[in-house]
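Below: one structure, written as structure tokens.
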2 protein chains.
Amino acid sequence: MSNAPDQLFKTLADPTRRAIFERLCRNGEQTVGALTAHAGISQPAVSKHLAILKQAGLVHDRHEGRQTHYSAQVEALAPLIDWTSQMAGFWESRFDDLEDLLRRMDQ
Amino acid sequence: MSNAPDQLFKTLADPTRRAIFERLCRNGEQTVGALTAHAGISQPAVSKHLAILKQAGLVHDRHEGRQTHYSAQVEALAPLIDWTSQMAGFWESRFDDLEDLLRRMDQ
DNA sequence: TCAATCCATAACCGCTGAGTTATGGATATC
DNA sequence: GATATCCATAACTCAGCGGTTATGGATTGA
């Protein structure tokens, strides 16, 4: 089982899949048919992308008759933000260590 | 040529490559040999990962004799932060009346 | 100078994954 | 009930990518 940022990065690495997610973020809930109309690929391909996005928690599906409505779950991006700020934090703390070292050397 | 977030996502999607980047963030500048010692893969594989990280602007290399020192460039993560906050922003603004109207007109 | 070390590149290989077409189940429409 | 539509899954293909070994250039040390 992969950790959260790993799955998020892999899921969002594909441009087509990211475009679908972006569209759901911009325009809100969409049916598979509407998404397929703009994706430039076949309907099964879109369904597969949606399944992967759902697996990553990035989208939510709602069944209504024979259509399925998908919507973005932006909260799922949280581990990505965490990872990024953690990396920046490591870098910053190293900088702080250097600053601290230089300050002590100065005395 | 792919846009910035696309290259970042693809580069960071590989766990081995991301581990190398994380190590550089945590521990600062490292030689290829030091990175290879912890990566669990061959030295050429590490060099290839570093080349891809460099291509994405995520690392910087410094040649010193026969060794090459690599260091993380956390600033390169900026487009990732931008993209994430943009997605969150779209999600927020979907409750705006004008955007909602435009969305329904588009369908 | 000769040998050893460090790293990058080349050439190759197996697997993953994104796309396709085919199909079927479920729902809507006639 | 018959037909059409929406979507998901199955089966398959093919390119790209991450790994390997082989090799060589550059630098260091004996």
**Q.** Per-copy distances of the A:Arg66 label point, shortest first, in nm (7 angstrom along Cα→Cβ)
**A.** 7.1
**Q.** Candidates A:Val59, A:Val46, A:Val74, ranked by Gaussian network fluctuation over chain A, Cα under 10 Å, top entry
**A.** A:Val74
Q) Can you give me the Cα centroid spacing of region B:15-63 and region A:1-55 in angstrom? A) 30 Å
Q. Hey, what angle do you get for helix A:43-55 against the long axis of chain A, alpha-carbon based, 0 to 90 degrees rounded to 10?
A. 40 degrees
Q: On each of the three principal axes of the Cα atoms of chain A, give max minus min coordinate, whole Å, ordered largest first.
A: 74, 29, 23
Q | Exam field: B:Glu29 pseudo-label spacings to other copies (7 Å along Cα-Cβ), nanometres | A | 5.6
Q.
Starting from the 7 Å offset along Cα-to-Cβ, what nm value, one decimal, do you get for the label separation of A:Arg62 and A:Ser47?
A. 2.2 nm
Q) Hey, for B:Ala78 with labels 7 Å out along Cα-Cβ, what do the inter-copy distances come to in nm, ordered shortest first? A) 2.9
Q. Between their Cα atoms, which of A:Lys48/B:Lys10; A:Lys10/B:Lys54; A:Lys54/B:Lys10; A:Lys48/B:Lys54 are more than 29 Å away from each other?
A. A:Lys48/B:Lys54
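Every number here is computed from the coordinates shown, using simple stated rules; none is lab data. Predicted model only: the values in this text are computed from it and were never measured. For neighbour counting, all protein chains shown are included, and Cβ atoms are generated from backbone atoms with ideal geometry for every residue, glycine included.
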